[in-house]
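Below is one structure; the comments refer to it alone.
The values are calculated or read from the model by the stated rules, or taken from the named source; none is laboratory data. Computed from a predicted model, the values in this text were never measured in an experiment. No Cβ is skipped: glycine too gets one built from the backbone with ideal geometry, and neighbour counts run over all protein chains shown.
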Amino acid sequence: MESSLYNKSRKIRKEKYKTLKALVLAVIILIPIEGVFRILEENELLDEPYLWGSRNIIPYKINDCIDLFSQPEHSDKLKVIAIGDSFCVTGFNPYFFDDYFNQSTITYNFGIMGTAARAQSFLIEKVLIPRFAPDAVIWMINSPFDFVHNEETIADDNSILDTPMGRYYNGDLNDMSLEELSETLFLKFSRLYKYRKMFIPKQFSPELKAEIKEFEKMYSRGFRYSFGFINNTAPPFRMLIWEKEFDSLAGNQFENTINICEDKQIIHLVVSIPQYFACIYYYYTDQFFQQLPQKNFFNLNNLNSTFCNNLLYFDNLHLNVFGAQLYTTLVAEKFEECVST
């Protein structure tokens with residue numbers, strides 16, 4: 001009986017020893033691999049992982065932009081990033097912009113559909129500046145919509161800010177579930193975990209493969225060509241005054257982002273985009289814009305009738321290719337003033 005118990009105890013100890021030995025061996029193997037991934041990351045040799053949930057357009061555009069900016073023929077060019085919402089996506093043509101400057105610039109459209117000032121501030125500060133080190137940022141503000149306290153808009157921005165990758169970049173670990181907290185901490189401390197999808201060929205991830213192919217078909221340098229125009233009778237031009245609740249957090253982040261651009265000596269131009277046959281006045285954004293140097297601000301949400309033409313619009317929120325050509329040219333002219341003064 002004692003011999004049987006002894007043998008059983010010995011067997012348990014051997015199993016524990018084997019398990020411990022396997023764990024130690026795994027750690028010995030993983031530590032140098034983790035180190036290699038950290039070195040590769042520090043030298044910007046790894047793609048952004050597709051871990052942004054429903055917003056995988058963000059890593060796609062990050063990787064696409066890195067590839068564009070890293071090409072040897074662009075090394076001496078002024079690197080320009082345009083950012084905004086869906087108006088930016090369809091309204092700002094980076095090819096026209098670079099043609100205007102005789103290819104002395106290399107430009108990428110980082111517009112993200114369904115975003116406002118909160119998410120755009122975050123992307124400029126935490127992603128675009130650190131990852132791309134751009135020489136210039138053109139920020140296309142949809143005033144007043146970017147700064148009105150609207151639950152739907154805030155929810156759209158939070159779909160970026162509250163993802164584990166969003167938390168990874170901004171370091172905000174508040175109000176997270178245990179699962180979200182665990183994933184964010186793994187992302188923060190383990191490069192093997194962060195880049196784990198690199199080990200899985202896209203053929204074994206058909207959904208991601210299809211998503212990336214769709215992005216490749218849809219965007220060119222981040223720009224989306226929109227054809228067609230509005231056939232309906234043009235509405236009368238309206239002057240609207242908005243008195244809705246102000247999103248103070250969005251306002252603070254906007255100011256902070258502008259200050260960061262100034263501190264880092266990044267050329268920056270804020271464009272208040274045109275509204276469809278309307279000028280919308282909002283006291284709070286008007287105060288922001290008045291504080292900007294004239295060379296750093298371009299107001300197209302005004303009484304100017306330049307964009308009062310149905311043929312320039314794909315729908316009442318987005319310019320078509322003809323509208324994009326006009327809009328990009330006007331922005332390029334203002335940017336030239338911004339650079340030269």
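The number of residues in the stretch 210-228 being surrounded by 14 or more Cβ atoms within 10 Å (Cβ to Cβ) and among the small types (Gly, Ala, Ser) comes to 3.
When the helices (runs of 4 or more DSSP H) confined to the stretch 38-120 are screened for residues that are assigned by TED's automatic domain parsing to the domain that holds Glu214 and among the β-branched types (Val, Ile, Thr), those reaching at least 3 such residues are found at 57-69.
Yes or no, residue by residue, for (1) in the same structural domain as Gln120 (by TED's automatic domain parsing); (2) under 23 Å from Tyr100 (Cα atoms); (3) modelled with pLDDT of 95 or more; (4) outside any strand (DSSP E or B):
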residue	(1), (2), (3), (4)
Phe227	yes, yes, no, yes
Ile230	yes, no, no, yes
Pro236	yes, no, no, yes
Lys244	yes, no, no, yes
Ile258	yes, no, yes, yes
Cys261	yes, no, yes, yes
Val271	yes, yes, yes, no
Asp286	yes, no, no, yes
Leu303	yes, no, no, yes
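Filter the stretch 282-318 down to the residues that are in contact with a Leu (Cβ under 7 Å, 6 or more places away or on another chain) and more than 25 Å from Ser226 (Cα to Cα) and list them by number. Matches in the stretch 282-318: Asn296 only.
Give Leu330, Leu311 a once-over and let me know the one that is of a type in the set (A, V, I, L, M), in the same structural domain as Ile124 (by TED's automatic domain parsing), surrounded by fewer than 19 Cβ atoms within 10 Å (Cβ to Cβ) and more than 26 Å from the chain's Cα centre (by Cα). After applying the criteria, what remains is Leu311.
The residues listed here are Ile273, Ile258, Ile267; of these, the one that is within 14 Å of Phe92 (Cα to Cα), β-branched (Val, Ile, Thr) and surrounded by 15 or more Cβ atoms within 10 Å (Cβ to Cβ) is Ile273.
Do you know which of the residues in the stretch 147-175 that are free of Cβ contacts under 8 Å to residues at least 40 places away in the same chain and of a type in the set (D, E, K, R) is surrounded by the most Cβ atoms within 10 Å (Cβ to Cβ)? Per the criteria, the residue is Arg167. If you go through the stretch 34-74 and keep only what is among the acidic types (Asp, Glu) and over 14 Å from the mean Cα position of the chain (by Cα), you end up with Glu34, Glu41, Glu42, Glu44, Asp47, Asp67, Glu73.
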